[in-house]
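To start, the structure itself, in structure tokens.
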Amino acid sequence: MILNLIIMRPAVVYGVGAMGGLTPRLICGRVYQHLKKKMEFLWTKDLRINTVHVSDVTRAVWHTANWYVSNDKQGSSVIFNLADENNTDQEAVNTHIRAIFGIETGFQGTLVSQFAKLNMKEATEDINEEHLAPWSEILKEHSIKTSPLTPYLDQELLCNNAVSLDGTKICKTTGFSYEKPKMTEESLREIIADFQELGIWPKD
């Protein structure tokens, strides 16, 4: 049996409505603003976490479906990576977090991170414990009773796993173009503003 199949492999998805992706890092930024402390992530600034805007993901799905049908690709399987041209790394994200929250940021470096890697489960629990309680305090202070947003970071997100994708094949093959080719401070602020309008992120 031959399947009509298009496989989309997105990088880290961010944008309005995306609760995963970069959103937990934004929440961590708000937590460290509240704590008046420097925010430091594991590993180094050049760890790749390539990104793609959620609007480009939805556009790509519709675009490739139309391309597939109009070019008589039925009966074949195609695979496309989705990643903007920003080649985003941890420092690129932290640069915007510094600007948005007015905090210092940094990285633990390889030595400390390798030590944490020896017992990543315990390290993950410690990191999340440091973030979850202050976030609850922030929500309480702003009379937000419930919020689906969390600074909780899965263990796999704390490992030294780069997300590095070439997202140009879809452009060359189907004529698709990314409307959000680079992650910007404004695009991250839009995420926060949307959550504030929904009443699940503090307005301050």
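The values are calculated or read from the model by the stated rules, or taken from the named source; none is laboratory data. These numbers come from a predicted model, not from an experiment. Positions of Cβ are generated from backbone atoms using ideal geometry, with glycine treated the same way; all protein chains shown enter the neighbour counts.
In region 163-204, what count of residues is obtained for those that are outside any helix (DSSP H, G or I) and over 25 Å from Gln33 (Cβ atoms)? Break it down stepwise before answering.
Quick first cut of region 163-204, residues outside any helix (DSSP H, G or I) only: 163-168, 175-184, 198-204.
Imposing the further condition that a residue be over 25 Å from Gln33 (Cβ atoms) reduces the set to 163-168, 175-181.
The number of residues fulfilling the criteria is 13.
Of the listed requirements (1) among the small types (Gly, Ala, Ser); (2) modelled with pLDDT of 95 or more; (3) more than 18 Å from Leu22 (Cβ to Cβ), Ser187 misses just one: (3).
What do you reckon, is Leu3 more than 26 Å from Gln196 (Cβ to Cβ) and not in a strand (DSSP E or B)? First the steps, then the outcome.
Numbers: more than 26 Å from Gln196 (Cβ to Cβ): yes; not in a strand (DSSP E or B): yes.
Yes, satisfied.
Reported count of residues in region 28-65, each being in a strand (DSSP E or B) and modelled with pLDDT under 95, is 6.
Of the listed requirements (1) in a helix (DSSP H, G or I); (2) aliphatic (A, V, I, L, M); (3) closer than 30 Å to Ser136 by Cα, Val69 misses just one: (3).
Residue-by-condition table, conditions (1) small (Gly, Ala, Ser); (2) in contact with a helix residue (DSSP H, G or I) (Cβ under 9 Å, 6 or more places away or on another chain); (3) more than 25 Å from Leu165 (Cβ to Cβ); (4) modelled with pLDDT of 75 or more:
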| residue | (1), (2), (3), (4) |
| --- | --- |
| Val78 | no, yes, no, yes |
| Glu104 | no, yes, yes, yes |
| Phe115 | no, yes, yes, no |
| Lys121 | no, yes, yes, no |
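Residues in region 72-101 that are among the hydrophobic types (A, V, I, L, M, F, W, C) and outside any helix (DSSP H, G or I) were compared, and the one that is surrounded by the fewest Cβ atoms within 10 Å (Cβ to Cβ) is Ile79.
Pairing residues of region 71-92 that are more than 14 Å from Asn50 (Cβ to Cβ) with residues that are modelled with pLDDT under 90 and part of a loop (DSSP other than H, G, I, E, B), at Cβ distances under 6 Å and at least 6 apart in sequence or on separate chains, gives Gln74/Asn4; Gly75/Ile2. Residues that are modelled with pLDDT under 90 and of a type outside the set (A, V, I, L, M) within region 1-27 comprise Asn4, Gly20, Gly21, listed in sequence order. Within region 6-27, restricting attention to residues that are touching a strand residue (DSSP E or B) at 6+ places or on another chain (Cβ under 6 Å), among the hydrophobic types (A, V, I, L, M, F, W, C) and part of a loop (DSSP other than H, G, I, E, B), the residue that is nearest to Ala193 (Cα to Cα) is Leu22.
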